[in-house]
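Notes follow the structure.
Read the figures in this text as sums done on the coordinates, not as results from a lab. The model shown is predicted, which means the values in this text are computed figures rather than measured ones. Counting neighbours? That spans all protein chains shown, and the Cβs are built from the backbone with ideal geometry, glycine included.
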Amino acid sequence: MKTLIKHARILEPAAMEDRAADLLIEDGRIADIGLVLSDGEAEIVEAEGLWLFPGLVDIHSHLREPGFEKKETIASGSRAAAAGGITSVVCMANTSPPIDSPTAIEFVLDRAEKTACVRVYPVGALTKGMEGKEMAPIGAMIDAGAVAISDDGRGVMDSYLMLRAMQYAAVFNAPIISHCEEMNLTEGAPINEGRMSTTLGVMGWPREAETIQAGRDMILSLKTGARLHIAHVSAAETVDLIRYYKAKGAPVTAETAPHYLTLTDDATDGFNANAKMNPPLRTAEDQEALFEGLRDGTIDCIATDHAPHTEAEKDQQLAAAPYGIVGFETLLPLLLGPIMERAGFEPLEALALCTYKSARALKLAGGELRVGGPADLVLWDPQAEHVVDSTQFLSKSRNTPYNGWKLKGRVKATYVGGDKVFG
């Protein structure tokens, strides 16, 4: 099967190339890229006015299977990812039961092979049952196919346990993804500590809860040589610490999420549970620090932290509602719209944050457009305007603060291994 995409604007962030060209797909791989290509056996896709770039690599998401299939499944989550131009998804371990054994890793990989339309990479839990008490079998999970280790959703409170986990993970060159939360400071706090928490009369979540654990984990990473990836950075002080420890040579990478770049804690006004995140939305000052971190490379990439919940779960009082939002289907229009504009980036620079830079943070394949490489591609209409309507999402969940936002740009088609999986 051959597909010839004609007259596209091809954007290849890894090579910083932006050109008008044709692209030929054959047997699931990119067979050729050139100014004028022809092939009498190929299906022709006319892409005049469209952008063609690598499929996005989302290194932080929650697919909820097993145990929370009412919120999402590997099948439904992969369809939502494809609709958002995401061709590779890393899924976290906080399922029910948690993904804390080789058998659980094999379950996810098997379900992905049978039901997913994008590439799915599982993360193994750092501790058994994600209880923070006893280290999970890290080596066995890596051997079974885990791409990283994390108790994401909970901070690891035991510093000695984290030290031992890093020492062990370093033997396998496996990254630890750190959810930085000193939970003694956050219990009962639904939103950021500041003006809005005072206005709403709720307990505030201090930014220090993130920064304290981020600092501890980077100190341990520097000590052990273990690869450390800081998840969902939200606070200005955390950005400062990451910059400092990178300069000292710590093997640290970091991500932030679109919601921290486009919303502040003002979005929680009116007790809006769809703006309740973990970590919480912060202030405009924190947001500016995140943008500066993206500009100077302190923050390596952007990931969605796609966290689906049912409507009934979110339709509770703010304190009782779960943390998180869905993010697959709003990532690209936010990235190539308000995020790119405020950062002052060109399209190649913005796309780099969700393609090859994301892949390299966890040493995954993908995120590049090259002859001979897998045909994981996105066709994008940069002029299409739309209003976000969560009832049209392919995700099983609708929990988004962006409902009603007017955004520009839409995915026209997504290809994984040369197969059209959306559009």
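Below are the figures for this structure:
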{"quantity": "Region 55-361 pair-distance distribution - Cα-Cα, 20 Å bins, rounded %", "calculated": "36, 62, 3"}
{"quantity": "Residue-averaged [θ]222 nm for the chain, counting only DSSP H segments that reach four residues, each worth -39500 (n - 2.57)", "calculated": "-8000 deg cm²/dmol"}
{"quantity": "C-alpha center-to-center spacing [region 170-210, region 292-363] in angstrom", "calculated": "18"}
{"quantity": "Dimensionless Rg ratio for region 122-232, taking C-alpha atoms and the 2.2 N^0.38 Å reference", "calculated": "1.15"}
{"quantity": "In order through region 246-262: 3J(HN,Hα) via Karplus (6.51 cos²θ - 1.76 cosθ + 1.60), integer Hz, x for Gly, Pro", "calculated": "4, 5, 7, x, 5, x, 10, 10, 8, 10, 10, 10, x, 5, 6, 9, 10"}
{"quantity": "Over 20 Å (Cα to Cα) - which of Lys314/Lys412; Lys2/Lys357; Lys128/Lys357; Lys71/Lys406; Lys71/Lys314 fall in this group", "calculated": "Lys314/Lys412; Lys2/Lys357; Lys128/Lys357; Lys71/Lys406"}
{"quantity": "Residue exposure sequence - Phe107, Phe393, Phe271 - by fewest surrounding Cβ within 10 Å", "calculated": "Phe271, Phe107, Phe393"}
{"quantity": "For region 69-83, Karplus couplings with θ = phi - 60° (6.51, -1.76, 1.60), whole Hz, Gly/Pro x", "calculated": "5, 5, 7, 6, 10, 4, 5, 5, x, 5, 5, 5, 4, 4, 5"}
{"quantity": "Modelled FRET efficiency - R0 51 Å, Tyr323 with Leu37, Cβ distances, 0.05 increments", "calculated": "0.60"}
{"quantity": "Gaussian network model of the chain, Cα within-10 Å springs - most flexible of His229, His179, His386", "calculated": "His386"}
{"quantity": "Over region 26-172: Kirkwood hydrodynamic radius from C-alpha pairwise inverse distances, Å", "calculated": "17.2"}
{"quantity": "Note, ³J(HN,Hα) from phi for region 277-289, Karplus 6.51, -1.76, 1.60, rounded to Hz, x at Gly and Pro", "calculated": "10, 9, x, x, 4, 10, 9, 4, 5, 4, 4, 5, 5"}
{"quantity": "Trypsin sites (Lys or Arg not before Pro) lying in DSSP loop within region 333-422, provided at most 15 other Cβ fall within 10 Å", "calculated": "Lys363, Arg370"}
{"quantity": "Straight-distance crosslink candidates among lysines, where the alpha carbon sits under 20 Å from Lys223 and sequence neighbours closer than 8 are dropped", "calculated": "Lys246, Lys248"}
{"quantity": "Descending principal axes extents, region 189-259, alpha-carbon based, whole Å", "calculated": "43, 23, 16"}
